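Asks: Below: one structure in structure tokens.
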Amino acid sequence: MNIYLDIDGVLLANESNAANYADEFLKAIIEKYPESTYWLTTHNWKGENRAKEVLAPHLKPETVDLLDRVKPSEWKDLKTDAIDFDQDFLWFDDDLWPNELNVLERHEALQNFMMVDLQKDPDMLKKLAEVIEKS
């Protein structure tokens, strides 16, 4: 299974703070899917990968060490450009553009999109980490 991770609004609650349970969530994902976890974020876009640099100040040192296992993705206009629809996947993001929604629907993959809403549930990553660990 491929895992696609956004940063802003998912792993970071804001520019100054990690989301609650971001360390636990990342650890669960990376340990469960060490070879198939990808960044799908504007911090990894058009050949530039700043994901670790952006996250490092907000995470535990042991979590930062795990970030090297997360692979960069290639996308230009829509994040869905980076998704391999021939593989099972989960995409964790806090936003879905209409054109990305259309792509997911066309591939009958809307159920693979995991909307993260930290405003509605600040502890959402704890729950998602538990689901990942049990799956």
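Asks: For region 116-135, does any single residue satisfy the condition of being open to solvent by 70 Å² or more (accessible area, probe 1.4 Å), small (Gly, Ala, Ser) and in contact (Cβ under 8 Å) with a residue 12 or more places away in the chain?
Replies: For region 116-135, residues open to solvent by 70 Å² or more (accessible area, probe 1.4 Å), small (Gly, Ala, Ser) and in contact (Cβ under 8 Å) with a residue 12 or more places away in the chain: present.
Asks: Another question, then. Residues of region 1-33 being surrounded by fewer than 21 Cβ atoms within 10 Å (Cβ to Cβ), assigned to a loop (DSSP other than H, G, I, E, B) and at pLDDT 95 or above, which ones?
Replies: Scanning region 1-33 gives 1, 9, 20, 21, 33.
Asks: Something else about it: On the given criteria, is residue 86 in a loop (DSSP other than H, G, I, E, B) and modelled with pLDDT of 95 or more? Let's see the steps before the verdict.
Replies: Numbers: in a loop (DSSP other than H, G, I, E, B): yes; modelled with pLDDT of 95 or more: yes.
Against the criterion (in a loop (DSSP other than H, G, I, E, B) and modelled with pLDDT of 95 or more), residue 86 qualifies.
Asks: Also, quick follow-up: All but one of (1) more than 20 Å from residue 115 (Cα to Cα); (2) part of a loop (DSSP other than H, G, I, E, B); (3) of a type outside the set (Lys, Arg); (4) in contact with a helix residue (DSSP H, G or I) (Cβ under 8 Å, 6 or more places away or on another chain) hold for residue 56; which doesn't?
Replies: It is condition (2) that residue 56 fails.
Asks: If we scan region 70-83, do we find a residue that is surrounded by fewer than 13 Cβ atoms within 10 Å (Cβ to Cβ), under 15 Å from residue 3 (Cα atoms) and modelled with pLDDT under 95?
Replies: The initial filter retains those residues of region 70-83 that are surrounded by fewer than 13 Cβ atoms within 10 Å (Cβ to Cβ), namely 74, 76-77.
Imposing the further condition that a residue be under 15 Å from residue 3 (Cα atoms) reduces the set to 74.
Right, trim to modelled with pLDDT under 95 and you get 74.
Yes - at least one qualifying residue is present in region 70-83.
Asks: Further question on the same structure: Being touching a helix residue (DSSP H, G or I) at 6+ places or on another chain (Cβ under 6 Å), closer than 20 Å to residue 135 by Cβ and of a type outside the set (S, T, N, Q) is the requirement here; does residue 30 meet it? Before the answer, list the steps.
Replies: Numbers: touching a helix residue (DSSP H, G or I) at 6+ places or on another chain (Cβ under 6 Å): yes; closer than 20 Å to residue 135 by Cβ: yes; of a type outside the set (S, T, N, Q): yes.
It is true that residue 30 is touching a helix residue (DSSP H, G or I) at 6+ places or on another chain (Cβ under 6 Å), closer than 20 Å to residue 135 by Cβ and of a type outside the set (S, T, N, Q).
The values are calculated or read from the model by the stated rules, or taken from the named source; none is laboratory data. Only a predicted model underlies this, so the values are computations on that prediction, with no experimental measurement involved. Every residue, glycine as well, gets a Cβ built from its backbone with ideal geometry; the counts of neighbours run over all protein chains shown. Remember, those area values only see protein heavy atoms, side chains included, never the ligands or the DNA or RNA. Shrake-Rupley method; radii C 1.70, N 1.55, O 1.52, S 1.80 Å.
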